[in-house]
């Protein structure tokens, strides 16, 4: 396992996943409040990342407050915001047909996009709890007519108290099977999401740590963006499953609670 050189002299910036790192469902992961409190006390820049595009940063802030975490809106970066940033750079003030909820539609409105089902530049697929056959059919027909296909993230399922739910990746696969067109996924594990988050807080990859609970999204995205990586074992990946991958995190810890008192020197 690699160790950053001269890490005691580095002023670290932090990117971190939300679910599995700070919260699990709607419950605080023990120590997450102390960890974030230490970052704020030290004036350490950080950004909380999530592949979920359903909620706006304001909505997510309210959700996190109920668990006991006080995170400013500007410190929350969603796959919807990353997708909007990508589209604003690719085709400013374009048009899109959106299958998704307020987190995605608000992000696209904020960059000046017009949402339409009349010859849009893009079909943009995000997370929603109300996927409709009609909306998916419209998306398929628009992609067939030449609309570029974008999806916020490739996650095939999402968690709920009752078990797994179909997520963006699963619905994207349906549209791909019907059209033969693969989407461009913006969210993790695409390192583009990491780089857009870094730009949002003015951070540099060489002095940034990515904390995540999944080897196949958080850790690989951090590695490909040139970040140091910390795997926590409070979510999906385990010490055993780490051995299945050809890459490794910089360090493995039980939870973010293990980083309290060490945020200026996490390695």
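The values are calculated or read from the model by the stated rules, or taken from the named source; none is laboratory data. Small disclaimer: the values here were computed from a predicted structure and weren't measured. Virtual Cβ from ideal backbone geometry, glycine too; neighbours counted across all protein chains shown.
Residue by residue, here is whether (1) part of a helix (DSSP H, G or I); (2) within 17 Å of residue 77 (Cα to Cα); (3) assigned by TED's automatic domain parsing to the domain that holds residue 13; (4) under 16 Å from the mean Cα position of the chain (by Cα) holds:
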site: 98; (1), (2), (3), (4): no, no, no, no
site: 119; (1), (2), (3), (4): no, no, no, no
site: 169; (1), (2), (3), (4): yes, no, no, yes
site: 176; (1), (2), (3), (4): yes, no, no, no
site: 199; (1), (2), (3), (4): yes, yes, yes, yes
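Go through the residues of the range 131-139 one by one and say whether even a single one is at pLDDT below 95 and crowded, with 23+ Cβ neighbours inside 10 Å.
no
In this structure, is residue 26 over 30 Å from residue 264 (Cβ atoms), in contact with a helix residue (DSSP H, G or I) (Cβ under 9 Å, 6 or more places away or on another chain) and loosely packed, with under 14 Cβ neighbours inside 10 Å?
In short, yes.
Which condition does residue 211 not pass, out of (1) over 17 Å from residue 154 (Cβ atoms); (2) surrounded by fewer than 22 Cβ atoms within 10 Å (Cβ to Cβ), if it passes all the others?
Looking at each condition in turn, residue 211 falls short on (2).
Give the range 131-150 a look and list any residue that's part of a loop (DSSP other than H, G, I, E, B) and free of Cβ contacts under 8 Å to residues at least 24 places away in the same chain, or say none.
The first filter runs over the range 131-150 and keeps only residues part of a loop (DSSP other than H, G, I, E, B), leaving 131-132, 145-147.
Residues satisfying the conditions are 132, 146.
Could you list all residues from the range 209-233 that are farther than 18 Å from residue 78 by Cα and part of a strand (DSSP E or B)?
228, 229, 230, 231, 232
Exactly one condition in (1) within 20 Å of residue 57 (Cα to Cα); (2) touching a residue at least 40 places away in the same chain (Cβ under 8 Å); (3) not in a loop (DSSP other than H, G, I, E, B) is not met by residue 195; state its number.
Checking residue 195 against (1) within 20 Å of residue 57 (Cα to Cα); (2) touching a residue at least 40 places away in the same chain (Cβ under 8 Å); (3) not in a loop (DSSP other than H, G, I, E, B), the one that fails is (2).
Within the range 11-19, identify whether any single residue is exposed (fewer than 13 other Cβ atoms within 10 Å of the Cβ), over 28 Å from residue 163 (Cβ atoms) and in contact (Cβ under 8 Å) with a residue 24 or more places away in the chain, and answer yes or no.
The answer is yes; a qualifying residue exists.
Can you find a residue that is surrounded by fewer than 20 Cβ atoms within 10 Å (Cβ to Cβ), over 21 Å from residue 203 (Cβ atoms) and at pLDDT below 95 anywhere in the range 42-63?
Yes - at least one qualifying residue is present in the range 42-63.
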